[in-house]
Amino acid sequence: MSTILIVDDSPTVLMSMEQLLSRFGYGVMKAASAEEALRSVSGGSRPNLVITDFNMPGKNGAELIRALRAMAQHRFTPMLVLTTESQRDRREEAKAAGATGWLVKPADPVQLESVLKKLLPNG
Amino acid sequence: MRVRAIRTLLAGLMLAALSGMGALLLPPLAVAGLVLVAAVLTLHLTGRPPAPAPPEAPPDAPEESARILPLVRQPPPAVGLSAPHLAALMEILERLALNAVEDTNRSSTDFITRLMDIETRVSSANHQHSAALAELTQIDAMAEGHADDRTVIDEAINTAIGFNQSIQVEYAASTNALQEVETSISELHKELGTISRIAKEIDLLSINAAIAAARAGEAGAGFSVIAQAIRGLALETHNMTLRMEPLLQSARGTVQSHAARKQDSRDRHKGEIGQRLADQVTLLESMRVKLRQLATDYAALIENNRADVEHSQQAGQDVEQAIRAAMATAQYGDIIRQQIETIIGCLKTLRAVSERGAPLAETEPELERLLGGLSGGYVMDSQRRAHAGGGPGTPEEPQVELF
């Protein structure tokens, strides 16, 4: 079973994403900030995919992705950014940082499951 | 100059608090608290000296959560701006805002927890609907499979009906055959009488011939031998008819006895066998009709059930969708929280400035930057649009994209 790390400073987003991803059959790790996510990953956690919010106190989503990409074990880990529909400039920034794609908040369950199946074909 | 800048900044914060938080469903108590603090602060900034008060805990300090900060009034700092209680007021304002963040988070998470619980139940019901539909499809397939069975039953009924009808025909045929045999025996008996009578006549003729041959003397000697032979044959024929008589009588007796038993059976059952066979045919025909009707009713029942389950499933999916939309709307709380956090950041800066008591030239640019950040900074308009509609604002656009 693949494990997905969700990073968002919003407890409600974390809750709803956790429920959604659990229902899809994935293991879920949560972090309320980029710093907490980096601590978790440095501590030995190895998620198969990362979904991060862009706007967070401290490091933003692009900075988190950049930091994760600098780690050898996460050079090829799929990373998705949660954005709002009008944040096209943020999407470009996330892409430049090494994001695999983006998702509009709040995530549509059908589209989310579809893209996760593409990125994690082994489930 | 510095006081005016702070006043302008605070007025901006108050305006944001009232127009933003109030409109974004902040708990009424928190809004009232902010309004109260704003009034006190504005009064203070107009130059009226605040009434000194010793530090004390409010009588209705929240106890339900350790994360809710008590609104304790701190003693005025030894140094600061011309208004000595400004830092203390700002600290209370910060705490009030932090509490509002906590309340908002709790409200949102509790609400979403309940929604998720409902969504889980609805989702479970939808899975059950899907399972029910799958079962109906399976039953349908079984019924389709049983169509072959129905054909087999039909053929079996046809065979049984044919067999019954042939039994009836055979029964009638055997009765007729017995009558025909009896008739034939009677005819034979008559013919046997005729043969016996002819034999007797031949006997008489042969006697007469023998007499006539004796009268003829030497010339009739040969004829006398022939007449004797003819008489012998007539006698033998007569004896044969006598031997056949009991045999025919016995055959007639057997046939008559069998016919009598049959007649007796027919009389006793009074057509019961034929009636039974006819009844069985009727029953089998009735079974065939009922089986066909049962299959039709069964198919209609399955179809009705399928329609009901599909309707129910659609309703469940609609509810699930509505709950997700409600969950998205509940995440509106994040917008409130982020704005309050912005206000807290500003208040922290203001408090630091007031506590530092730095020279005007040094403080003014800092306040200007703060003002600039507030007026042109992070605005949650796009998220407002996304959450207010219960989902992304432009559904025709893809909601996900891989680079």
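Peptide A:92-104 shows a mean partner chain C-beta count of 3 within 10 Å per residue C-beta. Ranked by the mean number of other Cβ atoms within 10 Å of their residues, highest first, the peptides B:153-166, B:309-322, A:7-20, A:46-59 come out as A:7-20, A:46-59, B:309-322, B:153-166. For the stretch B:275-291, the residues whose amide N sits under 19 Å from a probe point set 7 Å from the Cα of B:Ile167 along the beta carbon direction are B:275-288.
For the stretch A:42-123, the spherically averaged projection of the C-alpha convex hull amounts to 5.8 nm².
Remark: mean inter-chain Cβ contacts per residue of B:166-172 equal 0, using a 10 Å Cβ-Cβ cutoff to other protein chain atoms. The mean number of Cβ atoms from other chains found within 10 Å of a Cβ in peptide A:13-19 is 5, as a whole number. What you get for chain A, charging only the Cβ of Lys and Arg (+1) and of Asp and Glu (-1), is a dipole of about 420 debye around the Cα centre.
Here, each number is a calculation from the coordinates, and none is a lab measurement. Computed from a predicted structure; not experimentally measured. Every residue, glycine among them, receives a Cβ derived from its backbone with ideal geometry; neighbour counts consider all protein chains shown.
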